[in-house]
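The next block holds one structure in the form of structure tokens; read it before the comments.
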Amino acid sequence: MPVVKVQDGRVAVVTFGEPPVNSLGLTTRRDLAAALDAAITDPATAAIVLGGANGLFSAGADITEFGTPKMLAAPNLIDLIALIEASPKPIVAAIEGTCLGGGFEIALGCNYRVAGSGARLGLPEVKLGLLPGAGGTQRLPRLVGVEPALNLILSGEPVPATAFKGSPLLDRIVEGPVVAAAVELANAKVEELSGRAPPRVRNRPLREPALDAFLGFARNSIKAAFPNYPAPLAIVDAIASAATQDFDAGIAAERRWFSELLHGPVSGALRHLFFAERAAAKIPDVPESTPLREVKRVGVIGAGTMGTGITINFLNAGIPVVLLELGREALDKGVARIAETYEGQVRKGRLTKEDALARRSLLDATLNYPDLAECDLVIEAVFEDMDVKRQVFERLDASLKPGAILASNTSTLDLDRIAAVTKRPSDVIGMHFFSPANVMKLLEVVRGRATGKDVLATVMKLARTIRKTAVVSGVCDGFIGNRMLEQYLRQALFMLDEGASPAEIDRAIEGFGFAMGPFRMSDLAGNDIGWHIRKRRYADTPTMVYSRIADRVCELGRLGQKTGSGWYDYRPGDRNAQPSAVVDELISSYRAELGLVPRKFTKAEIVDRLVYALVNEGAKILDEGIATRASDIDLVYLYGYGFPAWRGGPMGYADAVGAFSVVHRMAEFARNPHGDPAFWTPAPLLARLAASGGAFNSTGVRS
Ligand code: 3HC
Ligand code: NAI
């Protein structure tokens, strides 16, 4: 039962919600309205306390109802809150735990609010590309003022109840049982009011000096900070309405903006990603009840770029790490790099000295495998070389205790071949971190042929502990992210051959919303990484057509920022990319060699060729079962490669464009006399979707 009403003397205590988060779906809203009506009309009831079940108030509107008739069906949230606010009997919200979105808006519609000191309140709608749509933009400023309300709504972050101490938002903040305190307050208010109507937030005056100047400043800052997100500006406008119009006009304006945003592409993309994040943790053939292994101590092999970043993740989570290297010098360098990272954070005020010290004290450095004996998980991050990795895994197999998990951070190598050198392949898994490993949110968890379900479940859980978004990938060259990236980069190079410049390509895709274009990204990561992969490709897949222009750049020693030049030139100490006359000349002479006369590119062609290269490879990855679901691919690109969230990831974007249109455009590219028609052959899944009108994100889950 989503709603329960019990009588406590003359106070009716109404408790609502169903696990896990008491979201406000239609059934809950209907039952809640009925229970409140009953209490309001019951002569034995003088006041009402409204609280959530399951230890929390509510996470807000039921997001799964958005865009469906259920969302608008009566009573919708606005109707429900109007009913609460119109009550002649005082209603006290008893706020425990999470109180978000529409849940918070219900509390704002109550006459009084009592919160537990552990409660967290917020209006996270902006993260879904929305504004609070049930009066939040109108009532919150009336309680806390325009600027604090704007900050809370724009950030979307929940705030501890204790932060509102002394604010009229919360009448009481209590340590003990919240409902009992709310009942006590309700009784006191019945006496105090003695039949008068209870106070209503909608009637509170909102007077703000210098409002226009503040709102003008807010609008300008928001336009600069969120050029592609419509919700933040709508939030300012809605709050401006609260401050300048009567309550009903403000609510009507808020409702209009909410509906506009809800049906716009950005909110669609962000809601898709919200569910994508939750879905990624679910592995179809690994039940939630799978027993987990304990991970109390971690080993990391290799104290280079990745090993040190990986180590920091665990130290930050309070998990001790043993870091192992081949030689003393490399080990000392790695330990020093970790120390420098913490010192930098202390200097920037992001960490206290004490915390930094505490984290560093969890690190042990060693040259000896027996020191890993107590580790529950060891992650290898040595050179990307199969022989070196296999040697390391043989030694790990001999040194680690039974039940320890053996992980590799390989970005391209066959995990099954690595696992095969051990006597315990079911304990072997891939943990592919992204650089810088202590910053990037993505973790590709590579499931080998033999990887145990408990090992997979343990690593997925551990990913949450170290605050990563984990996506499961099957074994293939490059896994999900780098396998798709290879096709994207090939396409970028073909466009150079045909007449585009690196800066033109970077600008076009950055204009689409990518954090960085392919050439700036290559310069940052090091052009030798791609060079190494291409050399392997020339040997193992000679049929794959490749522009050789990138090799020429590397042959000049232009390996990117680390060598001071790459696709661009870099001034010492300056990461700003400057177009390079040397590279321009190199590209021109390469075009001449190929007999290609350079032509002009539109931004749209550049963007479509790059993005559809990702989409087509993504479709293959999905069809082969390497990715479990399309939304997993979207998360990989969002968190690993800087794909714009507001576009929903490559597969979500393709769904928005429509598979039919994607395939049609690819056919145009295939007709390009200098294109590679094989490249643009639609993957079977994409072709099927184009024919059926289907979408990647409804293609179901694979196991
Ligand atoms: N509606 C529907 N389902 C929701 C939901 C919501 N508002 N909030 C969470 N869920 C679901 C999740 O999808 C997940 O489902 P699953 O188990 O099937 O995957 C389940 O509840 C548990 O969620 P989490 O895994 O995220 O659990 P956590 O404990 O890590 O986090 C939380 C809980 C902090 C409440 C987090 O889920 C969250 O931030 N939820 C979204 C809150 C939100 O955005 N609210 C605003 C909604 S919009 C609104 O109210 C509009 C109004 O202004 C008109
Ligand atoms: P790196 O060259 O910076 O570090 C490798 C370290 O391993 C060196 O310090 C080296 O001394 C040490 N090492 C080599 N052989 C060893 C052995 N047998 N025993 C102990 N230590 C040994 O390399 P990087 O960039 O950290 O890469 C490591 C791994 O991470 C590779 O598999 C790479 O493909 C993968 N990776 C790299 C990414 C990147 O952007 N650099 C991103 C994701 C994965």
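GLY573 meets all of the listed conditions (1) over 23 Å from LEU594 (Cα atoms); (2) touching a residue at least 40 places away in the same chain (Cβ under 8 Å); (3) open to solvent by 60 Å² or more (accessible area, probe 1.4 Å); (4) in a loop (DSSP other than H, G, I, E, B) but one, namely (2).
Within segment 529-542, residues that are within 18 Å of LEU559 (Cα to Cα) have Cβ atoms under 7 Å from residues that are within 15 Å of ligand 2 (Cβ to nearest atom) and in a helix (DSSP H, G or I) in these pairs: GLY530/LEU489; GLY530/SER522; ILE533/GLU486, counting only partners at least 6 apart in sequence or on another chain.
Look at segment 438-451: where a residue is buried (at least 23 other Cβ atoms within 10 Å of the Cβ) and a partner is acidic (Asp, Glu), sitting 6+ places away or on another chain with Cβ atoms under 6 Å, you get GLY448/ASP416. Is it true that some residue in segment 406-420 is part of a helix (DSSP H, G or I), near ligand 2 (Cβ under 9 Å from one of its atoms) and modelled with pLDDT of 95 or more? Within segment 406-420 (the criterion being part of a helix (DSSP H, G or I), near ligand 2 (Cβ under 9 Å from one of its atoms) and modelled with pLDDT of 95 or more), the answer is no, since none of the residues qualifies.
On the given criteria, is LYS461 in a loop (DSSP other than H, G, I, E, B), open to solvent by 40 Å² or more (accessible area, probe 1.4 Å) and either within 16 Å of ligand 1 (Cβ to nearest atom) or not assigned by TED's automatic domain parsing to the domain that holds ASP634 (or both)? Answer is no for this residue.
Close Cβ contacts (under 7 Å, 6 or more residues apart or on different chains) running from residues in segment 92-119 that are under 15 Å from GLY135 (Cβ atoms) to residues that are of a type in the set (Phe, Trp, Tyr) comprise CYS99/PHE57; GLY103/PHE57; ALA107/PHE57. Of all the residues in segment 606-637, those that are assigned to a helix (DSSP H, G or I) and open to solvent by 30 Å² or more (accessible area, probe 1.4 Å) number 2. Whether a residue is buried (at least 20 other Cβ atoms within 10 Å of the Cβ) and within 16 Å of ligand 2 (Cβ to nearest atom) was assessed, and LYS468 passes this test. Do you know which of the residues in segment 37-72 that are within 11 Å of ligand 1 (Cβ to nearest atom) and among the β-branched types (Val, Ile, Thr) is least open to solvent (accessible area, probe 1.4 Å)? Ranking the qualifying residues of segment 37-72, first place goes to ILE63. On the stretch given as segment 636-684, residues that are among the aliphatic types (A, V, I, L, M) and under 26 Å from the mean Cα position of the chain (by Cα) total 9.
Listed by first and then second residue, the pairs linking a residue in segment 34-45 that is over 17 Å from VAL3 (Cα atoms) to a residue that is charged (D, E, K, R), with Cβ atoms under 8 Å apart and 6 or more places separating them unless they lie on different chains, are ALA44/ARG10; THR45/ARG10; THR45/LYS89. The sole residue among ARG29, ARG10 that is among the charged types (D, E, K, R), surrounded by fewer than 17 Cβ atoms within 10 Å (Cβ to Cβ) and either at negative phi or in the same structural domain as LEU170 (by TED's automatic domain parsing) (or both) is ARG10.
Restricting attention to segment 490-506, does a residue exist that is under 21 Å from the mean Cα position of the chain (by Cα) and touching a residue at least 40 places away in the same chain (Cβ under 8 Å)? There is no residue in segment 490-506 that is under 21 Å from the mean Cα position of the chain (by Cα) and touching a residue at least 40 places away in the same chain (Cβ under 8 Å). Scanning segment 425-458 for residues that are outside any strand (DSSP E or B) and farther than 24 Å from ARG390 by Cα gives PRO436, ASN438, VAL439, MET440, LYS441, ALA457. Evaluation of ALA163 against the conditions (1) among the small types (Gly, Ala, Ser); (2) at pLDDT 95 or above; (3) outside any helix (DSSP H, G or I) shows that the sole unmet condition is (3).
Sub-7 Å Cβ pairs linking a first residue in segment 299-319 that is within 11 Å of LEU331 (Cα to Cα) and outside the structural domain of GLN391 (by TED's automatic domain parsing) to a second residue that is within 16 Å of ligand 1 (Cβ to nearest atom) and among the small types (Gly, Ala, Ser), at least 6 apart or interchain, number zero.
The set of residues from segment 106-150 being more than 10 Å from ligand 1 (Cβ to nearest atom) and of a type in the set (A, V, I, L, M) comprises ALA107, LEU108, VAL114, ALA115, ALA119, LEU121, LEU140, LEU143, VAL144, VAL146, ALA149, LEU150. Scanning segment 401-412 for residues being without any contact (Cβ under 8 Å) to a residue 60 or more places away in the chain and under 19 Å from GLU294 (Cβ atoms) gives a total of 5. Among the residues making up segment 203-221, those that are in a loop (DSSP other than H, G, I, E, B) and among the charged types (D, E, K, R) are ARG204, ARG207, GLU208. Kindly evaluate SER408 against the criterion of being buried (at least 22 other Cβ atoms within 10 Å of the Cβ) and of a type in the set (Gly, Ala, Ser). It is true that SER408 is buried (at least 22 other Cβ atoms within 10 Å of the Cβ) and of a type in the set (Gly, Ala, Ser).
Of all the criteria given as (1) assigned to a strand (DSSP E or B); (2) at positive phi, the one not satisfied by GLY403 is (1).
Listed by position, the helices (runs of 4 or more DSSP H) contained in segment 479-553 that have at least 3 residues being more than 16 Å from ligand 1 (Cβ to nearest atom) and within 24 Å of ILE626 (Cα to Cα) are 479-498, 527-540.
If you go through segment 421-446 and keep only what is farther than 22 Å from GLY334 by Cβ and polar (S, T, N, Q), you end up with THR422, SER426. Within segment 371-389, being within 10 Å of ligand 2 (Cβ to nearest atom), among the charged types (D, E, K, R) and buried (at least 17 other Cβ atoms within 10 Å of the Cβ) holds for GLU380, LYS389. Quick one: in segment 13-25, which of the residues that are open to solvent by 20 Å² or more (accessible area, probe 1.4 Å) and farther than 16 Å from ALA180 by Cβ is farthest from ligand 2 (Cβ to nearest atom)? Looking at the filtered set, the residue picked out is GLU18.
Here segment 94-108 is the region considered, the condition is being among the β-branched types (Val, Ile, Thr) and assigned to a strand (DSSP E or B), and the residue that is least open to solvent (accessible area, probe 1.4 Å) is ILE95. Here VAL174 qualifies as surrounded by fewer than 23 Cβ atoms within 10 Å (Cβ to Cβ) and farther than 23 Å from ALA252 by Cβ.
Scanning segment 392-405 for residues that are among the aliphatic types (A, V, I, L, M) and in contact with a Phe, Trp or Tyr (Cβ under 9 Å, 6 or more places away or on another chain), we see that the one that is most open to solvent (accessible area, probe 1.4 Å) is ALA398.
The values are calculated or read from the model by the stated rules, or taken from the named source; none is laboratory data. As the structure is a prediction and not an experimental result, all values here were calculated from the model. Because the Cβ atoms are built from the backbone with ideal geometry, glycine has one as well, and the counts that use them run over all protein chains shown. Heavy atoms of the whole protein, side chains included, go into the accessibility calculation; ligands, DNA and RNA do not. Shrake-Rupley method; radii C 1.70, N 1.55, O 1.52, S 1.80 Å.
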